[in-house]
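The next block holds one structure in the form of structure tokens; read it before the comments.
The values are calculated or read from the model by the stated rules, or taken from the named source; none is laboratory data. Predicted model only: the values in this text are computed from it and were never measured. A quick note on method: Cβ atoms are made from the backbone with ideal geometry, for glycine too, and the neighbour counts reach across all protein chains shown. Heads up: the accessible areas ignore ligands, DNA and RNA and are worked out on the full protein's heavy atoms, side chains in. Shrake-Rupley method; radii C 1.70, N 1.55, O 1.52, S 1.80 Å.
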Amino acid sequence: MWILLAIGSAIGLGFYDVMKKLSLRDNNVLAVLFLNTVFGTLLLSPVLVGDLAAGHYGPGEGAVGHLLISIKAVIVLSSWTLGYFAIKHLPLTIQGPINASRPVMVLVGALLIFGERLNCIQWVGILLGFASLFMISRIGAKEGFSARGSRWIWLSVGATFLGAVSALYDKYLLTRFEPLEVQAWYSLYQMVLMGAVVAALFRAGHGGGRFRWRWAIVGISVFLTAADLAYFYALSVPGAMISIVSMIRRGSVVVPFFYGVFVLGERNVKAKVADLCLLLASLALLVLGSS
């Protein structure tokens, strides 16, 4: 069951990346990010209203609960900020595979922190994932996005690292709180934090350029909320492995990849298709090894 939920989450994340690319084209990154937090909170407002009606003024455990989930909000918001700037400037067929490296970082953390163990089939899948990362780094260098010369590459790597930290922290949070409770309250905290940041920057004259409204901005929140719901419930299933769930979610790269190739006309298609096949083989072995 948790594998199916992880696959559903991956599909939602794929469309989420496409919506981000559409929303951020020649647009104000911070404004788009703030609206994403607003719409995400609105989508989850029934959970917040239900908690308040029941006399629960925040997540369980009182002040400790507020602190734990606010930490989650800071981590995710930091990852999103770096990732939004990266996806605005990088081709989808480059940014997607970089983001797909997150399970490698999650794997190291899962082995060290949660004591998870992989079988031989899953380890082969991980090695193929490393090979895929090496290939995409070579392709990126050909397109002028080398690690040495492109800050957008480093922003994408930073966003991926923070995303891995968030995934490991989720496993801990879900031992103490319900999935919907985590998602709803951290969305609210994100909106408050991002609102304060945007207000301060605009007041200081650093608004980040002109904002253009696009309906794809709403799509960001819709697809992300659906993907996160599936993800949190996958992690809450007994026996679910964070390292495997995280790797399956990286299969989301398929959706923006094909959008980048067929709609945006991005280059080096043959090499990128070969890399994508390697990544999919990696994911397939991880799923096979966990069944």
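Please find, in a Gaussian network model of the chain (springs between Cα atoms separated by less than 10 Å), the residue of Pro256, Pro91, Pro46 whose mean-square fluctuation is greatest.
Result for the chain, Cα springs under 10 Å: Pro46 fluctuates most.
How do 62-74, 151-163 rank on mean C-beta neighbours within 10 Å, highest first?
Numbers: 62-74: 16.2, 151-163: 19.5.
Descending packing order for the listed peptides: 151-163, 62-74.
Which whole-Hz couplings ³J(HN,Hα) result when phi for each residue of region 29-41 is put into the Karplus expression 6.51 cos²θ - 1.76 cosθ + 1.60, θ = phi - 60°, listed in order with x for Gly and Pro?
4, 5, 5, 5, 5, 4, 5, 4, 5, 5, 5, x, 5
Of the residues Gly12, Gly239, Gly83, which exhibits the maximal mean-square fluctuation in a Gaussian network model of the chain defined by a 10 Å Cα contact cut-off?
Result for the chain, Cα springs under 10 Å: Gly239 fluctuates most.
Calculated from DSSP H runs of 4 or more alone, at -39500 (n - 2.57) each and per residue, what is the 222 nm mean residue ellipticity of the chain, nearest 500?
It lands at -25500 deg cm²/dmol.
Got a sec to turn the phi values of region 265-277 into Karplus ³J(HN,Hα) couplings, 6.51 cos²θ - 1.76 cosθ + 1.60 with θ = phi - 60°, whole Hz, x for Gly and Pro?
Here the 3J(HN,Hα) series is x, 5, 8, 6, 4, 4, 5, 6, 5, 4, 5, 4, 4 Hz.
At 1.4 Å probe size, with the rest of the protein present, what percent of the exposed accessible area of the chain is carbon and sulfur atoms?
Working: 9150 of 12830 Å².
Reported share for carbon and sulfur atoms: 71 percent.
Just to check I understand the Karplus step: with θ = phi - 60° and J = 6.51 cos²θ - 1.76 cosθ + 1.60, what whole-Hz values come out for region 209-220, glycine and proline as x?
Taking θ as phi minus 60°, the curve returns x, 5, 9, 10, 6, 9, 5, 4, 4, 5, x, 4 Hz for region 209-220.
Just report the Cα centroid separation between region 150-185 and region 1-22, whole Å.
So the two Cα centres are separated by 15 Å.
Express the accessible area of the chain per residue in Å², computed with a 1.4 Å probe while the remaining protein chains stay in the model.
Working: 12830 Å² over 291 residues.
Per-residue value: 44 Å².
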